[in-house]
Each structure stands twice: as C-alpha cells, then as structure tokens.
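Below is one structure, written out as structure tokens, with a few remarks after it.
The values are calculated or read from the model by the stated rules, or taken from the named source; none is laboratory data. Remember, it's a predicted structure, so these values are computed and weren't measured experimentally. We place every Cβ from the backbone using ideal geometry, glycine too, and count neighbours over all the protein chains shown. In case anyone asks, the SASA skips ligands and DNA or RNA and just uses the protein heavy atoms, side chains included. Shrake-Rupley method; radii C 1.70, N 1.55, O 1.52, S 1.80 Å.
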Amino acid sequence: METNLEKIARSLRKEILKMVWQAGSGHIGGSFSSLDLLVACYFGGFLSFESHDPYWPSRDRFVLSNGHVCPALYAVLATAGFFPKEKLKRLRDFQSPLQGHPSRLALAGIENSSGPLGQGLSVAVGMALAAKIDQAKWHVYCLTSDAEHNEGQIWEGVMTAVKYKLDNLTILVDKNGTQIDGRTDEIMPLGDLAAKYLSFGFNTLEIDGHRFDQILDGLASAKRHSRQPTVIIAKTILGKGVSFMEGKPVWHEGPPTKEELSRALKELE
Amino acid sequence: MIKTKLKSTRDGFGEALVKLAKKEKKIVVVDADLKTSLRLVDFSQKYPERFIEVGVAEQNMMGVAAGLAMSGKIVFATSFACFSPAINWNNIRISVCYNHANVKIVGSHAGLATGPDGASHQALEDISLMRVLPGMVILAPSDFDQAFALTILAARHKGPVYLRLTRPTTAKIVADNKNLKIGGSQILRKGRRITFLSYGPVLAEVLKAASKVDGEVINCYSLKPIDQETILASCRRTGRVITIEDHSIFGGLGSAVAEILIQSLPLPLRMIGIDDQFGESSRDFLDLWEKHGLTSQKIAAVAGKMLR
C-alpha cells in the first residue's frame, strides 16, 4: 500500500516534469533524487512552518544549498500552501518568482538565495548560531548534495558547526553519485563520506534516501541528538521514479521531449 | 606641548563597536582569526556570546554572517581587505547582496599604507570589487574619529555595507563628523582653482597639496552612493579635477568620478592612484606613497601642471 508521503512524492514528480518541460530547461535528476527528503521534512511532521505567515519568527528554517534542484522545493512549497500551484507553470519565466535558482526576495518560503555551490551550508550554520544566541528553539535543515562537497567551503562550514555544537542543525546529503559532467567517482571521488563526517565530529547517519521510514527515523534521531550537529547521508538515485531517467547523468539538466514527458507521466500514474 | 596619542581607523572601528554593542543587542561579530589586528579583543571579551570565531575561513565567514543577518542580527564580518572582499567575493555577491542580508563587511589594512607585508596584503582593488555589487554601500573613513562615526552609521543602515579600514596611526584629519551620511561628502577645504577628491588617510597629504594651489578638498568618505551633487557643484566652480586614492585607478574613486563627469560635465581630470601594478614591501609606507605619487609634493606637482 502506498503511504501518504509516497503519494505526495509521486504527484510532485509529475508536477516537476511538467514544470521543467514548460520551462524548456531545469534540473530533473537532482530534483527527483532529493524530493523524498524534502517531502519527509515538509509533510512528515518535522518542519514547523506557517505557509500563510512565511516569516513567522519561530519557524524551522529549510536552507536549500544546492539551489539548482529548486523545482523540487517549488513543488513542495506550492503543495504546502506557500503560493498557488498555478504559479508552478512559470518556472524560469520572465518576472516569475520561480527563478532558475532560488531567490529569497522573489518568493516567500525561500530562506536563502542559492546557486553557487558551497555557500548554503555556511548560511545554515549562521542561522543555527543565531538561534543559539537567542536561545530559540527552532531547527535548521540544510539540503546539500554529494557533489557539493567538492567545494572546500562545505568543510569550513562543517568545522564551524562542530565547534559551536550546533545540535539545532541537520544536514541532509542527497548522495546520488552524479554531477554535471558524469559520475562523482570519476569527476572527484569523495571516498567514505560518512567516515569523513564522523572524524569531523558529526552525529552521522546513513540511510536509503527513498525509504520514508528511514528518512523519518533519521530526522527524529537528529532532533533528539544533543551537543553535536547531525548529518543524514541519504543514498539516492538520480532521476528516481522514472525508469529511463534513473542513474543517467544526462538527466542532471535538461527538459524531456514531449514524448519522454508523456512516457514519464504514464509511469507515475 | 600636549602629546596626543595617534590612532588608526581600525582603532576607531573597534572602539565604536564596543560602544554600539552595549545598547544594540543585535550586534554580532564574525571574525576570521584576526581579532587583534581588527581591534576586536575588547569586544570579544565583553560580549563573548556575540563574537563568532570561524578561523581562517573567509568564505564560510561571509556565509555565516549572511545566515546570522537573515535571522535578525546586525552582523560585522571582519578580516583584511585583501582577503575579504576577494577570497569570498561570490559569498558577498549571492549570500549577502542577492539576499540583501544586513551584513557589514569590514576590510582592514587596505592600500599601500599596509606597508611591510607587501603586495599580497595590500588591497588595491577592494573598492572596485565592491562597487559593482548591486545595493552595496561603501564607506572609507580617514581617521580614528571618522571611523568611529562611520561604524555607527553602518550599523544603523539596513543592508550590506563595506567599511574600508587602514593600518597606520595618524593625527586627526577631519575636524567634524556630525553630519556624516550615506551618500554624503565633506568639503574639508574651500578653494577656487582646482577640486581635489579623495578619501582615507591620504587626505592629510591632499590637504597639504591643496593649500599650495588654492584647491578645494572634498572627502568622499561615501564612495557608493557617491555625493554627485557636491562633487559636480565644486567641479563646476573650479573647472579642474584631481582624484587621489591609495587604491587602483581602475574601479575606485577616480573611475566613479570619471563616470559622473563624462556624462554631465566633461572636464580635465587627473587620477592619482596605483596604475595597473602590484604593491611591494616597505618598512615605511610613505616610500610607497612617494613612488605612486600620493605624497603632498607629488600631488601638488600634478596640480601645478594642470594649472599651467
């Protein structure tokens, strides 16, 4: 039996396909590999937010560091009620709030403008520090990818999170093993990412990023953990959900043809 | 004779910040292992919970600053001008400016005035890097008191500000700091024959030069936005303009003034600054100023040539 979260994710994959097809460009592969993580955060009861009051001071913060997978975040935010679903049609359009890479000032619900890789984790660390200074209870979630760990700045952020014992920060790594020009193992091997995080001093969890029971367990244990930040390294599949896209680096970026779109939508029925 | 203790713009910054933080609880400092040089030891001891030390990691520092600012803090992110803005320019571009985060970027040890450390540590292009960023305000104080006043002004402004600080101690250069504002300037000396536009500690040399040639001296402490009205009014009266800066002539005050004049008041303009070169070490930075035409005699010579 399909669970509620699985049902939401399946319907959002269809939205994302249509969005990128309409826009004529966009990143489907990473949007699909990270979608289940996003759905679990927003609809699994972990992220505290008010879509009618997007700047509510006590809200949890969700920072998308690898900004190019924003079609997934846009689809999630629309479903969560931050803006009408109708607007999804305008991805990457002139004067649309749904910019090609997310813009905080263009769209309520976006916590951080991102695009250049490596910066979002630092911003998330800054937010978590602010909560600590104010002794506020809100939590910061930061979605990043395995390839984003090519950026040295990620490791600067990692060290700072450990130094300041940011147990109000959870990093989600979408480990889909793929980047723009090919396999992560060939472009820049990351080695044992979990061992790296462990040695830096993180509470380190490894899960299957497409199993909601594992994602929810990970998020729950991250929230319980104290005096250390948590990383959830989620093994995922690029293009997850559409058979002919799964694991194919070519789907990192680019729209489906009309024929591919209808085949993909049929698979997701 | 009363002996007054000489102080630097970075001293003015450090002291202002301690004073500010007492009343304004939102002030937070992010430091990249330069708290002694940036005169932040006092702040770090008085307000340890609001002093974030990220180590030698200027990119992360700027992202952390943006995150703090977007959570309601007034953030001062501090380093040397040769590292910040430079190593972390894209973090300033996207995480700070594109987010319109309330971050004050403080770059100290700017210009040749940094002296013995040599070219790698003499930021000569920081203003160029910052001028091109949408919404960025650029302030450059000339002495201790002005740095104190501009630090407070920067904190009150909502949005990104770059504060350019310098290493050497100087005597007081500017008499009055009461009416400083973003987009403002100060006429430090009235004159009729030539308009001298400058900022920072080199103004001491400019004032000496101007006195020899009946020059008007304007302190353009707000480099962006720049006080077009005052600059144009003065240039219209004198008919001749010289810009003087301890910075590259590409993209700094000279360029900003050229952009204004060429569009509304084309006049003879000379730019004194560093001309497509790196700096170098010198135990006395005045040797470097002399080499690049930034001493009063060299400035007066350029003015004299213009007047002939």
On the given criteria, is A:SER243 surrounded by fewer than 20 Cβ atoms within 10 Å (Cβ to Cβ), within 28 Å of A:ARG13 (Cα to Cα) and either in contact with a Pro (Cβ under 7 Å, 6 or more places away or on another chain) or among the polar types (S, T, N, Q) (or both)?
yes
Take the residues in segment A:82-141 that are at the interface with chain B (Cβ under 10 Å from one of its Cβ atoms) and among the acidic types (Asp, Glu); name whichever of them is nearest to A:HIS27 (Cα to Cα).
A:GLU111
Residues in segment A:86-102: is at least one closer than 20 Å to B:ALA69 by Cα, open to solvent by less than 10 Å² (accessible area, probe 1.4 Å) and under 16 Å from the mean Cα position of the chain (by Cα)?
yes
Among the residues of segment B:97-109, the number that are more than 9 Å from chain A (Cβ to nearest Cβ), closer than 27 Å to A:ASN168 by Cα and crowded, with 24+ Cβ neighbours inside 10 Å is 3
When segment A:136-177 is examined, which residues are found to be charged (D, E, K, R) and in contact with an Asp or Glu (Cβ under 6 Å, 6 or more places away or on another chain)?
A:LYS175
Considering residues of segment B:124-135 that are over 16 Å from B:SER282 (Cβ atoms) and of a type in the set (A, V, I, L, M) only, the residue surrounded by the fewest Cβ atoms within 10 Å (Cβ to Cβ)
B:VAL132
Only one of these conditions is not met by A:ASP146: (1) at the interface with another protein chain (Cβ under 10 Å from one of its Cβ atoms); (2) within 27 Å of A:ALA195 (Cα to Cα); (3) not β-branched (Val, Ile, Thr). Which number is it?
(1)
Restricting attention to segment B:79-96, which residues are open to solvent by 10 Å² or more (accessible area, probe 1.4 Å) and either facing chain A (nearest Cβ under 10 Å) or not in a helix (DSSP H, G or I) (or both)?
B:PHE80, B:CYS82, B:PHE83, B:ALA86, B:ILE87, B:ASN90, B:ARG93, B:ILE94
Condition met for A:LEU5 (in a helix (DSSP H, G or I), among the hydrophobic types (A, V, I, L, M, F, W, C), open to solvent by less than 10 Å² (accessible area, probe 1.4 Å) and closer than 26 Å to A:VAL231 by Cα)
no
Determine, yes or no, whether A:PHE32 is in contact with a helix residue (DSSP H, G or I) (Cβ under 7 Å, 6 or more places away or on another chain), surrounded by fewer than 24 Cβ atoms within 10 Å (Cβ to Cβ) and more than 13 Å from A:THR144 (Cβ to Cβ).
no
Members of segment B:155-183 that are touching a residue at least 60 places away in the same chain (Cβ under 8 Å) and small (Gly, Ala, Ser)
B:ALA155, B:ALA171
For segment B:50-78, what are the residues that are more than 8 Å from every other protein chain (Cβ to nearest Cβ) and among the hydroxyl-bearing types (Ser, Thr, Tyr)?
B:THR78
Odd one out for B:ILE244, checked against (1) β-branched (Val, Ile, Thr); (2) in a helix (DSSP H, G or I); (3) under 18 Å from the mean Cα position of the chain (by Cα):
(2)
Pick from segment A:149-177, criterion open to solvent by less than 10 Å² (accessible area, probe 1.4 Å) and among the β-branched types (Val, Ile, Thr), ranking: farthest from the other protein chains (Cβ to nearest Cβ):
A:VAL173
Could you tell me whether any residue of segment A:178-198 is within 13 Å of chain B (Cβ to nearest Cβ) and open to solvent by less than 10 Å² (accessible area, probe 1.4 Å)?
no
I'd like the full set of residues that are open to solvent by 10 Å² or more (accessible area, probe 1.4 Å) and of a type outside the set (S, T, N, Q), limited to segment B:217-239.
B:LYS224, B:PRO225, B:ILE226, B:ASP227, B:GLU229, B:LEU232, B:ALA233, B:ARG236, B:ARG237, B:GLY239
Please go through segment B:159-186 and give me each residue that is open to solvent by 70 Å² or more (accessible area, probe 1.4 Å) and under 17 Å from the mean Cα position of the chain (by Cα), ordered by number.
B:ARG167, B:THR169, B:LYS172, B:LYS181
Contact list please: Cβ distance under 8 Å, first residue in segment A:243-269 and closer than 27 Å to A:GLU148 by Cβ and without any contact (Cβ under 8 Å) to a residue 60 or more places away in the chain, second residue open to solvent by 30 Å² or more (accessible area, probe 1.4 Å) and not in a loop (DSSP other than H, G, I, E, B), pairs at least six apart or on different chains.
A:SER243/A:GLU267; A:PHE244/A:GLU260; A:PHE244/A:ARG263
Search result, residues across segment B:264-293 that are aromatic (Phe, Trp, Tyr) and surrounded by 15 or more Cβ atoms within 10 Å (Cβ to Cβ):
B:PHE285, B:TRP289
Hey, any hits in segment B:111-120 for a residue that's crowded, with 24+ Cβ neighbours inside 10 Å and within 12 Å of chain A (Cβ to nearest Cβ)?
no
Looking at B:ILE152, B:ILE249, B:ILE138, can you tell me which residue is within 17 Å of the chain's Cα centre (by Cα), at pLDDT 95 or above, open to solvent by 10 Å² or more (accessible area, probe 1.4 Å) and closer than 27 Å to B:ALA69 by Cβ?
B:ILE152
Give the residue, chosen from A:LEU198, A:LEU172, that is aliphatic (A, V, I, L, M), free of Cβ contacts under 8 Å to residues at least 12 places away in the same chain and under 30 Å from A:GLN135 (Cα atoms).
A:LEU198
